[in-house]
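Nothing in this text is a laboratory measurement; each read-out follows from the coordinates by a stated rule. Just so it is clear, the structure is predicted and the values come from calculations on it, not from any experiment. Cβ placement follows ideal geometry from the backbone for every residue including glycine, while neighbour counts extend to all protein chains displayed.
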Amino acid sequence: MISPKDYFRVKNDVITFDVRTKTEYEMLPHFDWAINIEFTEFISNYLEYIKKYNPENKLIVTVCNAGNRSGQAADFLREHGIDALTLEGGIYNYNRKIK
């Protein structure tokens, strides 16, 4: 897990995947710099997305609204040997703490 304050400091140096649905991404607060790929699609094709969006092998941070799905996505990536964290408390918590 990465705290909102730590994420704020490194957000330009990591790859951020928002694993919410396209509708959630469009309707709820989101990070303009995040790559939106719905959770099940991301899990099903994670290697394709890692190759496409992270050729430099940067740290991956997964985000969602409250941290549940993104936590599962980060756990999945770590289980497959990929360096990944989830944003503590999700975008909701980030906006409460940082903005």
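The table below lists the values:
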read-out: Candidates per GluC sites (Glu not before Pro) in region 39-99, loop by DSSP, up to 15 other Cβ within 10 Å; value: 56
read-out: Net length gained if the chain between residue 93 and residue 48 were fully extended (0.36 nm per residue, minus Cα distance); value: 13.3 nm
read-out: Extension gain from residue 78 to residue 40, taking 0.36 nm per residue of separation minus the Cα-Cα distance; value: 12.0 nm
read-out: Cα centroid separation - region 6-32 against region 33-99, whole Å; value: 8 Å
read-out: Most positive-pole-ward Cα, 45, 34, 7, against dipole of the chain from beta carbon charges; value: 7
read-out: Under 5 Å, built H, 5+ apart or other chain: amide partners of residue 18; value: 35, 36, 37, 63
read-out: Folded to 0 to 90 degrees: helix 68-79 orientation relative to the chain principal axis, Cα; value: 30 degrees
read-out: Calculated P(r) of region 4-98 - Cα pairs past 24 Å, %; value: 11 percent
